[in-house]
Amino acid sequence: MQEIGSTPGMLLAGGVREHLATINATLPTPSASVTPMPYLTQTWQEKRAFCELAGTWLAEAAARTGRHEEALRLARAALAQAEVSESAWFLCAAHTTLGRLIDQLDPRDNAGAEAHLLAALHHAEAMHSRPLRTHILLALGDVLGGKRKTVHTPQSAVRSQKGNSTTNDKNRARDYLTRAADLAGTLGMHTAREQSLALLAQLDGQSLKKRKKKM
């Protein structure tokens with residue numbers, strides 16, 4: 001067993017600090033310089049212990065600073081590394097990050113985002129982690145419940161098909177968010193519960209507006 005002062009331990013501690021710093025920092029403008037993340041970068045590039053986690057955190061940091069292509073590339077590479085490790089925890093983190101990034105950066109790939117989040121949910125359930133399940137269910141509800149851009153087409157059949165698809169997405173979003181709110185309430189995760197309830201209210205508001213337009 002390696003001592004806490006060993007290189008892997010120092011890299012892990014430094015990587016956690018860098019990750020927390022990026023979360024707490026104010027989002028920079030696209031022209032702002034990227035904050036160096038030497039511990040996470042070394043862990044990822046040298047494939048040290050916890051490199052799978054370092055890759056997902058680097059992907060999230062890239063997305064926050066507007067480096068979208070790099071973010072998706074890193075997230076996919078981190079998932080590939082997690083698949084090699086076969087660790088349910090790393091796989092859960094990698095699928096969650098990639099699903100969220102696809103939703104943020106490529107909203108047309110709604111199915112891809114949902115597929116990765118469902119994979120993350122599977123691993124969270126395998127680990128019997130209710131907090132992870134709560135966060136992933138919330139992410140699924142957010143992905144499926146978000147407002148979609150209208151596709152203009154002269155074909156009424158295509159419009160009807162897309163309308164049915166949107167309705168199905170909303171129904172699934174409501175189910176995910178209800179489960180997230182219930183779990184969060186049970187676990188005392190107040191912020192997650194409030195977010196879930198707020199998204200449910202938003203969904204109900206959208207449905208009400210749609211019904212009024214038809215009247």
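The values are calculated or read from the model by the stated rules, or taken from the named source; none is laboratory data. No experiment lies behind these values; they were computed from the predicted model shown. Don't worry about glycine lacking a Cβ; one is built from the backbone with ideal geometry, like all the others, and counts go over all protein chains shown.
Within the stretch 115-124, identify whether any single residue is at pLDDT below 95 and either over 27 Å from GLU194 (Cα atoms) or surrounded by 16 or more Cβ atoms within 10 Å (Cβ to Cβ) (or both), and answer yes or no.
First, the residues of the stretch 115-124 that are at pLDDT below 95: none.
Looking through the stretch 115-124, none of the residues is at pLDDT below 95 and either over 27 Å from GLU194 (Cα atoms) or surrounded by 16 or more Cβ atoms within 10 Å (Cβ to Cβ) (or both).
Report, by residue number, each residue of the stretch 109-148 that is among the basic types (Lys, Arg) and under 20 Å from ALA88 (Cα atoms). Step through it out loud before you land on a result.
The first filter runs over the stretch 109-148 and keeps only residues among the basic types (Lys, Arg), leaving 130, 133, 147-148.
Result: ARG130, ARG133.
Exactly one of these conditions fails for ARG73: (1) within 16 Å of the chain's Cα centre (by Cα); (2) closer than 28 Å to LEU177 by Cα. Give me its number.
Of everything listed in (1) within 16 Å of the chain's Cα centre (by Cα); (2) closer than 28 Å to LEU177 by Cα, ARG73 misses just condition (2).
Which ones in the stretch 165-199 are among the aliphatic types (A, V, I, L, M), free of Cβ contacts under 8 Å to residues at least 12 places away in the same chain and within 14 Å of LEU140 (Cβ to Cβ)?
none
Can you pull out every residue in the stretch 49-72 that is in a helix (DSSP H, G or I), within 14 Å of LEU12 (Cα to Cα) and of a type outside the set (Gly, Ala, Ser)?
Going through the stretch 49-72, the residues in a helix (DSSP H, G or I) turn out to be 51-64, 68-72.
Those still in the list that are within 14 Å of LEU12 (Cα to Cα) too: 51-58.
Matches in the stretch 49-72: CYS51, GLU52, LEU53, THR56, TRP57, LEU58.
Within the stretch 108-148, work out how many residues are farther than 23 Å from GLN202 by Cα and of a type in the set (Asp, Glu). Before you say what the answer is, go through the steps one by one.
Start the filter on the stretch 108-148 by keeping residues that are farther than 23 Å from GLN202 by Cα, which leaves 112, 115-116, 119-132.
Next, from what is left, pick out any that are of a type in the set (Asp, Glu): 125.
Total meeting the criteria: 1.
When the stretch 80-90 is examined, which residues are found to be surrounded by fewer than 23 Cβ atoms within 10 Å (Cβ to Cβ), part of a helix (DSSP H, G or I) and of a type outside the set (Asp, Glu)? Full working, then the answer.
At the first step, the residues of the stretch 80-90 found to be surrounded by fewer than 23 Cβ atoms within 10 Å (Cβ to Cβ) are 80-81, 83-89.
Pick out the ones that are also part of a helix (DSSP H, G or I) and you get 80-81, 83-85, 88-89.
ALA80, GLN81, VAL84, SER85, ALA88, TRP89 - these are the residues of the stretch 80-90 that are surrounded by fewer than 23 Cβ atoms within 10 Å (Cβ to Cβ), part of a helix (DSSP H, G or I) and of a type outside the set (Asp, Glu).
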